[in-house]
Structure formats: structure tokens, C-alpha cells
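> Just passing along the structure, written as C-alpha cells.
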Amino acid sequence: MTGKKLLLKALKERGVKYLFGYIGGAIMPVFDEMEKLGSFKFIMSRHEQGAAFMSQGLSRASLSTADPQVGVCMSTSGPGAMNLVTGIADAHMDSIPVIAITGQVATGVIATDAFQESDVVGVMMPICKQTYMPLHADEIEKTIHEGFYVATTGRGGPVVIDVPKDVQNEQVSDSYTFDQATFRPHLPGYFYSPTPEREPVQRAIELINKSERPVMFCGHGVINSNAGELLRQFAEKVNIPVAFTLHGISAMPADHPLSLGMMGMHGTVEANRAIMDADLLISFGMRFDDRVTGKLNEYAQNADVIHVEIDPSEIDKNVRTSVAINADVYRTLHVLLGDPMVGYKPRRRWLQKIEGFRRVMEEDLKTEIETGVGDDNKLLMKSIIAQLSDLTKGRDLIVSDVGQHQMMAARFYNYQTTNSWYASGGAGTMGCSLPMAIGVKLARPDERVWSISGDGGFQMNAQELGTIMEHNIDVKIIILNNGYLGMVRQWQTFFFDGCYAGTPMRSPDFKFLAQAYGIPHRKVEKLQDIAPALQEAIDHPGAMVLEFICDPAEVILPMVPSGGGFEDMIVSHPRKHNDNLGQEGEAA
Amino acid sequence: MKRRAILAFTLDHPGVLNKVSMLIRKKMYNVDTLTVCRSRIPGVSRMTITLQEDDQAKVLQIIKQLEKFTEVISVKELDTNHSYWREVAIVKLEVDAGHLDDFHGRYNFEVLEQKSEDMHIIQVAGSTRNIDAFLDEVGQEHVVEIARTGVTALEK
Ligand SMILES: Cc1ncc(C[n+]2csc(CCOP(=O)(O)OP(=O)(O)O)c2C)c(N)n1
Ligand SMILES: [Mg+2]
């Protein structure tokens, strides 16, 4: 048995069906063996970053299915591995289990600046959950199995396995044995505690029962532990409104009466105002990042905080907790739901107050969505998303890129099914959408998948149209083309006196680009053409590119300026208001 | 700034020191001292890191994030009231033997070698402050070369 054979055997045993990647010298033995085996479906990306995001998409979308899979991407050494970096760092920030297998130069020449040698372990170490470099064929199986274990347990994350070329070809020793069934990784320093302890749960229940103005937070941990349905039941049981982090979206229906929508920088008025006034925050699987909290010393001043989180290092990191429950969100909700002491309260005054917050922007937004166009009769993104939502009844899978369109897709699509929203959150990596959508579609082939990008982000991984073409992957591609790096332009409007440095952009004719890959394209410029175009894409059996010409002046509101508190929330466009907009923002 | 000693037990694997020091750099500390040695358990190293931080919450953050590494088995802070912090210095001193006699009994030192009439290599062990005081008293101007181990610490 050789290293490469054992590597593929271990992947097979871990249920891997798809391998995303790109070949090169240092990974050739594994590719050769893979081709001969014929038991994997190989998806060649057009850039290794694409492969990393495809594997993310597969992991993210399949976790709530009967067949959860871990995305695996492969690349060669040096430039191949370095092209994976952004996608791996992104998976790390968003706690997505992914396995990256990189070829490395042969052990005999490591650290000699050999051709296409990069210190992959050194580069990846701070941006992934664990790195390995097996130095003998005997270590390969153990390493792969341990890698999957680390990637998928506790708080998930990417694992990088750098395999020197000679180790891929090496024969195992005569005495080699490995039994997958009995293998337990030896990790005396790796702990995670999924089961909540009684004592903090009891204290949490006391706080919940005592509170008058509680708000519940739904973070990525709810999606990752498949606890959306339990969260809904619990929210209803205690009658507490729920605010969502960007990655908590779609855990429960967006239009649930207790839903406050998204919180944070571009969160809804009702979510952010409720948080300001709350006396208790009950947060499930989230990490209070700066996009969520704004200025920390002004954040939720009068609230006790219950923090349910699988990663102990997140507890007390940004926000002081009153009760910490270091456990899996699903198990904790299960315990809470079963506890007879947790009671329903009408909370009439609190919920009424929140109804008032809901009304602050409701009219404005409704009018904007209905008008559907901006100054030059160019389309408004929020209107397009709202129409997409209506047409698909909020039941499709949405994979967004990064920018204004992302915030629009987060806010104005009426998510009905759990785990149906995907985006790059922690890293905010432009270009993630198109490749990630490919992985999502492979994980959930029976559902409709929309990739939504801006004109900027689309061009960061547009080469993956080639992958879509080659494998006939049916993703509906929406480009919201506003001719600008819109999100940064919005910051320039608000904080840099409208000096649009480095944000206007000329794009290619996306029609020819799509056609070059044999993908039909429709350009939509009129309000009344939005729905028919969306319908055409729905009816078309296969990928289609819909390009919408959007108003560059559209902004996503409200907005809490970076470094500001919720008090500084901007709720109307500066053109309409001469508010002093406060301090300069840092880069978007 | 308050000086902190963090004690970590880690697997004796390549790259672990790299991870630990990278985290401390990422959190923007400058390591004061760092000592690594074997522990009683085969395959497990003992690391003592000292750095400056006043805020207890921040020290707890470092500890939790260190504990997150799969190779790190346990981490805790050792404070000076409940632990011994000691280091060793080897010093090449240009002094007469008579000058050194004054310090016997008061400092824990040993002459390793007398190289010439006025050139001694000595070894002194004690707390950081104790060694500093010794050197001040002997006279820093007499120090030709000095090697200090950095702090290692043990709970009382
Ligand atoms: C790789 C990368 N580079 C830069 C940024 C900074 N950035 C955030 S949003 C944005 C603009 C995105 O423009 P576009 O894709 O056209 O979307 P829009 O905001 O116009 O909807 C930029 C440049 C980023 N998030 N990612
Ligand atoms: Mg744009």
C-alpha cells in the first residue's frame, strides 16, 4: 500500500464523494490514483480559491441534510496552495469544516527553496484549525482521520494536510496496520464540551424568568448544530423575540412574528433598538463580533448576558457574560425546552415597544421596494431581492457575495427553510458566491440555488463559470450591477464626503462573458422586466446569468457606523438629511 | 504594567512553540521571557511565558486561546504570591576575588571558574529582582558578558 492509496481510502471512509481542486506537479501521484480508482467525482475549479469555496459550499449546505459531507479541496504545492489561502482563512473565520490537501515538494528538498516550494504549514497555521504534514506513508491514514475529527467536532474549522510528494508514493512499512473502526485520535489537548452543565442552565432559567425585556440571539452555531427548529420552539415557549447575526439568518422563518431580523451594523432598527433597551440577551452560538456590537462600551449596557457557545475562548471575549454555558447549542436548547421551570410570559409592554421600533423604517422601506427604482430609473437591489423572494416563496437557497447586495439579500429575502442562506461573514471575502454556490448545488441538487453577486465580486471568481459549464451545474446567477464597488461607495458617501476613490468600475459585457461559457444571459433594466426575467431563469433547465442594472446611489440602511454605538444608527440617506454623520469610517 | 507568568503544558511536537508565540504576537504582546523544558510526563513540555498586562480579562483571553490549540493540554497563570519565579544567570565578571567575597551569604551564587586574577565566571540563581540587585551591587560596569535563562516558575 502506498501513501496516495491510503489517502484516498481514508477520504472514502469519511464519506467523501466530491473532490474539488486543481492539479500540479506535487500532487500528481494522488490525482493519478484518484483517476484509476474512479470512485470520486472530481470537480476542477478554474482557480484554487474556487475549489476552497466549493468545498465550503458543500460543507455548509449539506450539514442539515441526511448526508452531511465535509468539503475537500486539493491543490499542488507553492502557488496552488497559496491560492487556497483566502478560501481557507474564510472558512476559519466562519467555522466551516473543510479539508485541504496540498501536495508538497519531496521531503529530501524541503526547506531548500525547491521549485514550487512554499512553507504551507507555516502560512496556514494561523488561519486554520489545524495543520499536518505526514512524513511517512504510515502516518497518512491516521492523519486524514484525525483531520476530519478535528474539523468537524466542537467549533468546526478548516484543516490543512500538506503531503510531500515522496510520501504520496511511499510504501507503508511491513508492520503497518490501521483499523478505522477502532481508531481514536490521541489529542490530550483537544477538548470540547457539548453537554450543558446543570448549574449555569438553572441560573439562565432564573434570569429568563425574571427578565422583562429579553432578546434572544440566533448565531451561526444554531445553523451549525441544526437547532433552528428547537430555537423557534423555545422562542415561542418563552415568548421572546429573536435577532439574527448574519450567519444566524434562515435558522427560523424570517417572517416569524417573534423575528426581529438581522442585528448589527446593517441590522434592522427593531433588532438594534431592542438590544439597546433589553435587560437580558440570550445568545446562542455567536461571538459578539464588532459588526454585531458596534462600540463595545455602549453595547447593551443594562442587559445581563447569557452566552451559549461551544468555543470557550469566545465567552467573555468581547462582552461580559452573566451566565456562560459552554456547550452545543442544540443540546442546550433541548435541555431548556424540556425544563418545566421555563415559562411563558405575555411581555405585552415589551413586545408593544418593539412594534414601535418596527415602524421606524417600515414605511420608507415599503415605499422604496414598491417604487423599485432610484433617481435615473435604475433598479433598486432591495426591490429585486423582494421580488425574488415573492416569486420563490422564500424557499430557495441563496448564496451571496460581499457588498451592498449581500446586505440586501440578507435583509429582504424572506427565508422560510432552515440553512438556506450562505455568505462569507467573518472574512467578508468578495468572490465567494459563485464557487460556493457550486458546492451548495452539489450538496442539495433538488433545490434551486441562486448565486447573488455585485459587479465587483462577480469578477473576482468569474472564471468558475467554466466549472459551471463543464459540469452543467444549475445555479441561477444574479449580478446586481451598479457600476461601483457599492458598499465602499456607500461609506464614501457617508464618511468621505462623497469622494469616490477607487470605487467606480467598468465591467465587461457580461452577456458575452456568459455566452463564452455557453450560459444564457438576460440584462434587466426595467422594473416590469424583473419578475419575468427571474421566472425565465427558474424555468430554464440549467445555469443562467441575470444582470440587473442597479442604482449606484442606493444605500443599505440603517447603518451603525464602524466604531459607533447603536445610538449613532443612521436611518435615512444623507441627501435627505443633513445630520452630522460623525467620525470617519475605517475601510469596509 | 503588571508582569504575568503563564504556565502551559503542551505536546512536545514541532510547531507548538511557533503556534504559541504566534498567538502572543497576534495579541500584540512582547514576550518578556519564555522558557521551555521537559515535564515529568514523557512527550509533554512545560512552557513558562512572562509578559506585561494589567487587565486580568485580557490574561484570561490569552489563556483560553492558548487552550484552544489541540497541542496545548493546560494553561494557567502563576502569580508571585502563590508560586516561585526563578531564573539563573551566568556572568563573566571583571572583579577581584576579594570584591566577590562581600556577596557570599547574601546572594545565591557560585564561582564556576576563575579565568585570571580579576576575571571570574559565576552563576547566580534567584528571582529576577534578586539577580538584578546582585548585578547592581557588584557593579554593572564589571559585567563583561551575561546569559540569563528567563523565568521558570512553580506553584507553591
Ligand atoms: C477580496 C475583497 N477585497 C475587498 C473587499 C472590500 N469590499 C467590501 S464590499 C466591496 C464592494 C463590493 O462591490 P460589488 O461586488 O460591486 O458589490 P456592491 O457593494 O456594489 O453590491 C469591497 C471592495 C472585500 N470585502 N473583499
Ligand atoms: Mg457593485
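> What residue, of A:GLU197, A:GLU170, A:GLU212, A:GLU141, is more than 13 Å from chain B (Cβ to nearest Cβ) and in contact with a His (Cβ under 8 Å, 6 or more places away or on another chain)?
Just one listed residue meets the conditions, A:GLU170.
To keep it simple, each residue is scored yes or no on (1) within 12 Å of ligand 2 (Cβ to nearest atom); (2) in a helix (DSSP H, G or I).
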| site | (1), (2) |
| --- | --- |
| A:GLY425 | no, no |
| A:GLY428 | no, no |
| A:GLY431 | no, no |
| A:ILE452 | yes, no |
| A:GLY466 | no, yes |
| A:ILE473 | no, no |
| A:LEU480 | yes, no |
| A:TRP491 | no, yes |
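> Here's another thing I want to ask about it. Could you give every pair whose Cβ atoms fall below 7 Å, whose first residue belongs to region B:65-76 and is closer than 14 Å to A:ASP311 by Cβ and more than 7 Å from chain A (Cβ to nearest Cβ), and whose second residue is of a type in the set (A, V, I, L, M, F, W, C) and part of a helix (DSSP H, G or I), counting only separations of at least 6 or pairs across chains?
Matching pairs, first to second residue: B:LEU66/B:VAL20; B:LEU66/B:LEU23.
> Would a scan of region A:131-138 turn up a residue that is more than 13 Å from every other protein chain (Cβ to nearest Cβ), touching a residue at least 12 places away in the same chain (Cβ under 8 Å), assigned to a helix (DSSP H, G or I) and touching an Asp or Glu at 6+ places or on another chain (Cβ under 7 Å)?
Yes, region A:131-138 contains at least one residue that is more than 13 Å from every other protein chain (Cβ to nearest Cβ), touching a residue at least 12 places away in the same chain (Cβ under 8 Å), assigned to a helix (DSSP H, G or I) and touching an Asp or Glu at 6+ places or on another chain (Cβ under 7 Å).
> In region A:260-279, how many residues are over 18 Å from the mean Cα position of the chain (by Cα), outside any helix (DSSP H, G or I) and surrounded by fewer than 23 Cβ atoms within 10 Å (Cβ to Cβ)?
1
> Does at least one position in region A:301-318 carry a residue that is more than 14 Å from every other protein chain (Cβ to nearest Cβ) and hydroxyl-bearing (Ser, Thr, Tyr)?
No, region A:301-318 has no match at all.
> Can you pull out every residue in region A:326-385 that is surrounded by 15 or more Cβ atoms within 10 Å (Cβ to Cβ), touching an Asp or Glu at 6+ places or on another chain (Cβ under 7 Å) and at pLDDT below 95?
If the condition is that a residue be surrounded by 15 or more Cβ atoms within 10 Å (Cβ to Cβ), touching an Asp or Glu at 6+ places or on another chain (Cβ under 7 Å) and at pLDDT below 95, then A:GLY374 is the only one that fits.
> Find the residue count for region A:493-510, including only residues that are assigned to a helix (DSSP H, G or I) and either within 12 Å of ligand 2 (Cβ to nearest atom) or loosely packed, with under 15 Cβ neighbours inside 10 Å (or both).
Of the residues in region A:493-510, 0 are assigned to a helix (DSSP H, G or I) and either within 12 Å of ligand 2 (Cβ to nearest atom) or loosely packed, with under 15 Cβ neighbours inside 10 Å (or both).
> Quick check on my filter: what residues within region A:466-483 are in contact with a Phe, Trp or Tyr (Cβ under 7 Å, 6 or more places away or on another chain) and either within 16 Å of ligand 1 (Cβ to nearest atom) or of a type outside the set (A, V, I, L, M) (or both)?
If the condition is that a residue be in contact with a Phe, Trp or Tyr (Cβ under 7 Å, 6 or more places away or on another chain) and either within 16 Å of ligand 1 (Cβ to nearest atom) or of a type outside the set (A, V, I, L, M) (or both), then A:GLY466, A:LYS476, A:ILE478, A:ILE479, A:LEU480, A:ASN481 are the ones that fit.
> If you don't mind, there's one more thing I want to ask. Does region A:280-325 hold any residues that are part of a helix (DSSP H, G or I) and basic (Lys, Arg), and which are they?
A:ARG291
> Then there is this: With A:ILE477, A:ILE468 as the choices, which residue is closer than 18 Å to A:GLY403 by Cβ, under 23 Å from the mean Cα position of the chain (by Cα) and assigned by TED's automatic domain parsing to the domain that holds A:GLY431?
Result: A:ILE477 is the single residue among A:ILE477, A:ILE468 that is closer than 18 Å to A:GLY403 by Cβ, under 23 Å from the mean Cα position of the chain (by Cα) and assigned by TED's automatic domain parsing to the domain that holds A:GLY431.
> How many of the residues in region A:444-464 are away from ligand 1 (no atom under 16 Å from the Cβ), farther than 21 Å from A:MET408 by Cα and surrounded by 24 or more Cβ atoms within 10 Å (Cβ to Cβ)?
Residues that pass the stated criteria total 0.
> Suppose the filter is surrounded by 15 or more Cβ atoms within 10 Å (Cβ to Cβ), touching a residue at least 24 places away in the same chain (Cβ under 8 Å) and not in a loop (DSSP other than H, G, I, E, B); does A:ILE240 pass it?
So A:ILE240 fails the test.
> Given the conditions (1) over 18 Å from A:MET262 (Cβ atoms); (2) touching a residue at least 60 places away in the same chain (Cβ under 8 Å); (3) away from ligand 2 (no atom under 16 Å from the Cβ), which single one is not true for A:PRO445?
Status for A:PRO445: all satisfied but (2).
> Of all residues in region B:1-23 being under 17 Å from the mean Cα position of the chain (by Cα) and assigned to a helix (DSSP H, G or I), which is farthest from A:TYR190 (Cα to Cα)?
Filtering first and then ranking leaves B:SER21.
> If you don't mind, there's one more thing I want to ask. Out of region A:53-71, which residues are out of contact with any Phe, Trp or Tyr (no Cβ under 8 Å at 6 or more places or on another chain) and in a helix (DSSP H, G or I)?
Result: A:PHE53, A:GLN56, A:SER59, A:SER62.
The values are calculated or read from the model by the stated rules, or taken from the named source; none is laboratory data. Note that the coordinates shown come from a computational prediction; the quantities given were computed from them, not determined experimentally. Please note: Cβ atoms are built from the backbone with ideal geometry, for glycine as well, and neighbour counts cover all protein chains shown.
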